[in-house]
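Every number here is computed from the coordinates shown, using simple stated rules; none is lab data. Model, not experiment: these values are computed from the prediction. A quick note on method: Cβ atoms are made from the backbone with ideal geometry, for glycine too, and the neighbour counts reach across all protein chains shown.
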Amino acid sequence: MNSEVRRPTRISGPTAITCLALSVSLDITYVVEKYQLDEIHRPTEILRLPGGKALNVARAARELGAAVDVIGVVGGFTGQLIRSLLGDIPASFISDNPETRSCVSVASTSDGTLTEIYERAAPIGEHTWIELENRVDGLEPRPGNWLVLSGSVPTGVPLDRLAAVLLRAGERGFRVAVDSHGPALAAVLPAAELVKVNRAEAAELLGGDSSIELGDLASGIRAKMEVPSPTVIVTDGIDGVIALGGERLDSSGLVRLAGDSERGAFPVGSGDCFLAGFLTALDRGEPLRGALIAASACASANARQPGAALFDLAEVDRAKSRIVALPLG
């Protein structure tokens, strides 16, 4: 059957989170009883969602009650479909010629496996990039609000200019959060107040040694950042998360949480839900530890049903009671 996406009530007031969506996709999830190569499958459930990490963050944050909007690039018939599926999340999309990509996941319920086929994001042309720059530069300054760069950065985006536009946003009062990897992550670090990466992405940034302790990974990244009192979060899948918080989050030390003891079978989008949960909790005045627990609970709830950034708010509340802090050292 086709699942309908529950849409949250429209939030009034100023935008708290603006998501910069450079790698939009149409995310298709097929749920089957057992996936096997060279076989025909009849899905028991199908979901089609506007995706890519930035749109996942926006959808999850909106579901949690945050005011969000999106600036991004879409193209072709797939781009038109994404516009129609986005619902009432305000979006300023630039139309580009390349067809927006599709990303397909096949979830097998009998054995818990997940098969993923993700197209690469289409290159972004010079004229489109200039329009993106202008739209970000034209955002009304809202001190304390977040500008989020989440996901891969397509070819064609000049990384020095991407870093510059984020720096200008920070100078106007936006707080810049980044969840990316590779050369793009390294390029935009000077503009970021918050960096959220997984263990592999952190290790890649610091030279490729994934056996380094999470705390050392967080410290190493923070040493490369230039914004005063930045925050670094390094996730480690089901094994939990560690954060090195800046003074703006009322903590200059490390906080480490264990993963949820009850593991879900649908992890796609959990990292995006983590970031959405963290920023939304901060917006509500939670300290670093409370925001991390809220973020981890949102990620856990996401993994309990198919479709990225779809979750039951009651499950988020239940997951909070299962997430505990770990001793450091």
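The Cα center of the range 57-78 and the Cα center of the range 189-244 differ in position by 25 Å.
Exceedance of the 22 Å cut-off in Cα-Cα distance is limited, within the set LYS196/LYS224; LYS196/LYS320; LYS34/LYS320, to LYS34/LYS320. Quote to one decimal, in nm, the extra length available between ASP160 and ARG120 on full extension: 0.36 nm per residue of separation minus the C-alpha distance between them. Taking 0.36 nm per residue and subtracting the Cα distance, the gain is 12.2 nm.
Within the chain, DSSP assigns beta bridges of which about 35% are antiparallel (rounded to the nearest 5). Could you check which residue among GLU99, GLU262, GLU39 shows the biggest mean-square fluctuation in a GNM of the chain with a 10 Å Cα cutoff? Sorting by GNM fluctuation, first place goes to GLU39.
With an a/c value of 1.5 or above and a/b not larger than b/c for the gyration tensor axes a ≥ b ≥ c computed over the alpha-carbon atoms, the range 101-222 is described as oblate.
With the helix formula -39500 (n - 2.57) applied to DSSP H stretches of n ≥ 4, the chain reaches a computed 222 nm mean residue ellipticity of -10000 deg cm²/dmol.
Modelled spin labels at ASP209 and ASP317, positioned 7 Å past Cα toward Cβ, are 4.6 nm from each other.
Close amide H contacts of CYS19 (hydrogens built in the peptide plane, cut-off under 5 Å, sequence separation of 5 or more or a different chain): ASP69, VAL70, ILE71, VAL148. Judged by the ratio a/c of the largest to the smallest principal axis of the C-alpha gyration tensor, the chain counts as rounded, that ratio being less than 1.5. Most tightly packed first, judged by the mean number of other beta-carbon atoms within 10 Å of their residues, the peptides 57-65, 316-324 read 57-65, 316-324. Label positions at LEU326 and HIS41, each projected 7 Å from the Cα along the C-beta direction, are separated by 3.2 nm.
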